[in-house]
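Each remark here refers to the structure printed beneath this line.
The values are calculated or read from the model by the stated rules, or taken from the named source; none is laboratory data. In this text the structure is predicted, and so the values were computed from the model without any measurement. Using ideal geometry, Cβ is built from the backbone for each residue, glycine included, and neighbour counts are taken over all protein chains shown. Each accessible area value is taken on the protein alone, full model and side chains, heavy atoms only, with ligands, DNA and RNA left out. Shrake-Rupley method; radii C 1.70, N 1.55, O 1.52, S 1.80 Å.
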Amino acid sequence: MKVLTIIKKEYKQIVKKKSFIISTILSPILMAGFMFLPILLQRAGREEKTIKILDFSGFIQKQFIEESNKNKRVKEALKLNFTNIIKTDQKQNSLIKIYEKNVLNKNDSNFQLIPEYKKKILDKMIDGLILIPENVKKTRQIYFCASNISDFETNKYIISTIQKILSSNVLKEKIKDPKIVEIVEKATRDVKPSLFIVKKEGTTKSRSEIPYIMSIFMLTLLFSIIMAYGQLIMRGIIEEKNNRIAEVLISSTKTQYLFYGKILGIGLAGLTQVALWIILGGVFISRYSFKIDKSILSFFTPELIIYFVVFFILGYFMFSVLFSIVGASVNTDQEAQQYATPISFLLIIPFIIGIMITQNPNTSIVVLASFFPLFTPTLMFMRISVSIPSFFQIACSILSSLIFIMFLAWIGAKIFRTGILMYGKKPSLKEIIKWTMYR
Amino acid sequence: MNDHVVVLEKLVKDFDGKRAVDNISLRLSKGEILGLLGPNGAGKTTTIRMIMNIIAPDSGNIRLLGEKFSEKIKDRIGYLPEERGLYRKLKVLETLSFFGELKGMKRDEIKKKGNKLLKKFDLESYRSKKVEELSKGMAQKLQFIITIMHSPEFLILDEPFAGLDPVNIEIVKDIILEKKREGVTIIFSTHLMEYAEKTVDSVVMINKGKKVLDGPLSEIKSMYGTQFLKVNYNGNAEFVSSLKYVKNVRDYGKEMEIELQGNNNKDRLLKDLINKLSVNSFQTTEPSLSNIFIKRLAQTNHVDKGDDK
């Protein structure tokens, strides 16, 4: 069978390459790194931060700094260092007042820092500045100015600590009986949440960001191998076109054999790589499971791995046909890149939708989008990785993808047949459509 | 009728409104070698691609090995395209087995024949080298091996000598003749007339898509008469072209080819030459294919004559 000859050649040509071996070995290492990353980031990733407090109310800063110095977590995990500004600049106080009045009157205005403080932050002499207005008791409004405000843990600590100090101060002022104060303080303590993720395989303690990070990671992996193998096909076809091997091939066998043989051969190489990853990953996890965060381990269920393979196959066939159409229609790699970009967008759009998925994987727009064939491989997989949709939905998406792939391959084979022998000028879209009409 | 290996009937092909191949017909019997001649852009490659079913003719018929082109006969044909190409990353042996299998060969057959041909083309020591490590000439030879390895009954070679050095041209020519002896029917195109002259049985000359000349080589040559002379000389021969009875001169400095008007002017020419030159040799020759070709071109397109010496 001549198809087998082509499949064999395409498969060997990739699997025997050094880059295949390198990427097969390197990827699990990166993957392992990714597993440890959240833990490592938490342990070593923090820099020490100096935050100044400018307290116009006069009663918060002392307690705040005392409290923070006592707190081990602040020093060791968060690495925060709070100090106060002894000489409070009254100019800043009046700037706050102007701002608050403006806000009250619904006037737009910018919050203004006096140049001295602004410069300190910009020059990285301090990492942040907490401003506590005079009438904080009444308004319960504080201001935190920093060059980086995305450090959620720090924000959370500052807010909850000031809240506690404020509350206990107010209580002590109004209620003279310390026993009652104690009772109230106890009664208003923070709730401590523990998050558990529930799956068929079991219930595991997790952190809210873990499933999000992991599913984005798996999606990236899926995206990159679909892209990588799709582009391999594209470049292979361009080589055959440029070298005019195409003529010899076509005079030896059917173009359909060539087309399907190529896609199957390269696809098998891709599957081989995925299989090797699964094996290597399995070996790694079984050896070092005690070192890996349980919440990460619980993410890799057998079901998820199977779906990964299924959606890789679907995505690969879909996009390899698209890429082979591009390869057959252009003459150079540069020209191909021009067309490959819109195709990669088709893979990136689900990423953006994917962010919605993590918050609510079953909103109707997401469900709908996951049935759009070009989005299915990535989007449906992401939905599965976050929370498994009904089997009916999964089956429908797989079926619709299969039908779409067959349709696409049918058109692709036609374009391929004509395109692979077209040299010289770049065909217009109209011409390419005409190619599909040829019998 | 059916014993013709190749039959082309009134092939026509247009590209963007321009006629690339115009009404070309030809027939070729088993074991015959046909030279498809013509300048660059004449339509040789287009004709060959139509024979190979790579492009479809706009009209006309093609029959190969007694039937219409089909998957079945692909294994019985060897095709060397004009622009050579191999997979650069494949090793020589892998290349042989891939293309061999593609032509329906068994593995041990590939091994046997492949090795024999590698030896013949002096490529034995490169068998485990990658194609990209070969020189251009070696890659050409490898491509030629691929074309003939499966023992096709019909060979179609587009510019088989292009890019080869004289030694390898000899090897390729020998193999073409050897194949002919085995009964293989061969079409090859070339714009290098000298090579065609020594190998072909018959000739089809095309220019601007049209057939301008065809027939057995010997017939064509005799048709163009014996009024061709080759003169080896010393001196200044500029005057020769102004002699009334001289139709055409190709002067190479020490040797010239002269075509006379009519058949009875040889003596006059010799006299005139001896008067002004020292003549080393003087012989009548058959017209060379390139002479015939140039002449024929001049006849068929008066418009752009003389721009190509």
* Quote the total accessible area buried by chains A and B together, excluding ligands, DNA and RNA, probe 1.4 Å, nearest 100 Å². => 2300
* Structure fact -> Using alpha carbon positions and the Kirkwood radius, the Rg to Rh ratio of chain A is 1.13
* Cross-link partners of residue A:118 among lysines (Cα-Cα below 20 Å; sequence separation of 8 or more within a chain) -> A:49, A:52, A:87, A:91, A:97
* Asked: Using a 1.4 angstrom probe on protein heavy atoms only, which residues from the range A:253-267 are buried by at least 10 Å² of accessible area when all chains are present rather than their own chain alone?
  -> A:253, A:254
* Asked: Do the alpha carbons of any pairs in A:8/B:111; A:262/B:74; A:79/A:101; B:247/B:271 sit beyond 24 Å of each other, and which pairs?
  -> A:79/A:101
* For chain A, what are the DSSP H helices with axial Cα length of 30 Å or more and mean Kyte-Doolittle hydropathy of at least 0.5? -> A:18-44, A:209-243, A:255-288, A:302-329, A:333-359, A:391-419
* Structure fact -> Whole-number value, in Å³ per residue, for the convex hull of the alpha carbons of the protein assembly as shown is 276
* Asked: Expressed as a rounded percentage, what relative contact order does chain A have, with Cα pairs under 8 Å and six or more residues apart?
  -> 17
* Would you mind getting the accessible area per residue of the range A:221-276, heavy atoms of the protein chains only, 1.4 Å probe, in Å²? => 25
* Asked: Can you give the Rg to Rh ratio of the range A:135-237, both from alpha-carbon atoms, with Rh computed by the Kirkwood formula?
  -> 1.29
* Structure fact -> antiparallel share of DSSP beta bridges within the protein assembly as shown, to nearest 5, in %, is 60
* To do: For the protein assembly as shown, with all protein chains present and a 1.4 Å probe, just round the carbon and sulfur fraction of the accessible area to a whole percent.
  => 58
* Under 26 Å from residue A:179, Cα to Cα: lysines that are on another chain or at least 8 residues apart -> A:62, A:70, A:137, A:138, A:164, A:192
* Structure fact -> Using alpha-carbon coordinates alone, the radius of gyration and Dmax of chain B in Å work out to 22.4, 71
* Ranked by how many other beta carbons lie within 10 Å on average, peptides B:167-175, B:277-285 from highest -> B:167-175, B:277-285
* What order do you get for B:23-36, A:13-26 when each peptide is scored by the mean count of other beta carbon atoms within 10 Å, highest first? -> B:23-36, A:13-26
* Roughly speaking, what is the centre-to-centre gap between the range A:241-294 and the range A:114-131 when only Cα atoms are used, to the nearest Å? -> 55
* **Shielding of A:237-249 by partner chains, average beta-carbon count, 10 Å** => 5
* Alpha carbon convex hull of the range A:263-366, volume per residue in cubic angstrom -> 147
